[in-house]
Amino acid sequence: MWRAASNVLRATLPKRLLPWLYDRGSLTLRLKQASGGDSRVQVLSQGWQRPLLNERLALVMGHQEYAMVRQVLLICKGEPWVYARSIIPLRTMSGAGRQLLVLDNRPLGAFLFANHGVVREPMEIACVHPDEMLDNDTLAGLGLGQ
């Protein structure tokens, strides 16, 4: 279950993750700094699909509404450091948002933080297990498959 970051008891989270979870800046930039510039995006999948129920609810999307779903690994120093799943509703892909369709292996954060028209919503946090968010092919690609 997603909760507003302000409603999550910080004592329940691993201390080493707190600075990362509550950072208001660009995760992409922070990863580049932490890896000495040795970072890249590996796209696992990107395509139109129905988001998961919790994603549709968070984005106020209809049950049958599709979105661009992008799953990537952020690779630093040759190892996966972050798995990211981005849900981009069709309604956001007009004007400058059309660039989201052709990100390829560029980080989403670089686009978002460079576009001054983008407003960051209050952050939400959830404890998610890999088998709750990832399909079997993606799990296998991460070395977590059955």
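Coordinate-derived values only; no laboratory data. Model, not experiment: these values are computed from the prediction. Because the Cβ atoms are built from the backbone with ideal geometry, glycine has one as well, and the counts that use them run over all protein chains shown.
For Glu65 and Arg16, the difference between the fully extended length at 0.36 nm per residue and the C-alpha to C-alpha distance is 13.9 nm. Projecting label points 7 angstrom from Cα along Cα→Cβ for Arg30 and Phe113 puts them 1.0 nm apart. What number, in percent, do you get for the relative contact order of the chain if the mean sequence gap of Cα pairs under 8 Å and at least 6 apart is divided by its residue count? Across the chain, relative contact order equals 25 percent. For the chain, modelled as a GNM with alpha-carbon contacts under 10 angstrom, which of Arg50, Arg85, Arg98 fluctuates the most? Judging by the Gaussian network model, the answer is Arg98. The HN-Hα couplings worked out from phi for the stretch 45-52 by the Karplus form 6.51 cos²θ - 1.76 cosθ + 1.60 (θ = phi - 60°) are 6, 7, x, 7, 7, 7, x, 5 Hz, whole numbers, x standing for Gly and Pro.
Out of all Cα-Cα pairs in the chain, roughly what percent, to the nearest whole number, are more than 25 Å apart? Please list the in-between numbers first.
Details: 3332 of 10585 pairs.
For the chain, the share of Cα pairs beyond 25 Å comes to 31 percent.
Applying 1/(1 + (r/R0)^6) with R0 = 25 Å to the Cβ-Cβ distance of Thr92 and Ala126 gives a FRET efficiency near 0.75. Dipole magnitude for the chain: about 500 debye, using +1 per Lys or Arg Cβ and -1 per Asp or Glu Cβ, origin at the Cα centre.
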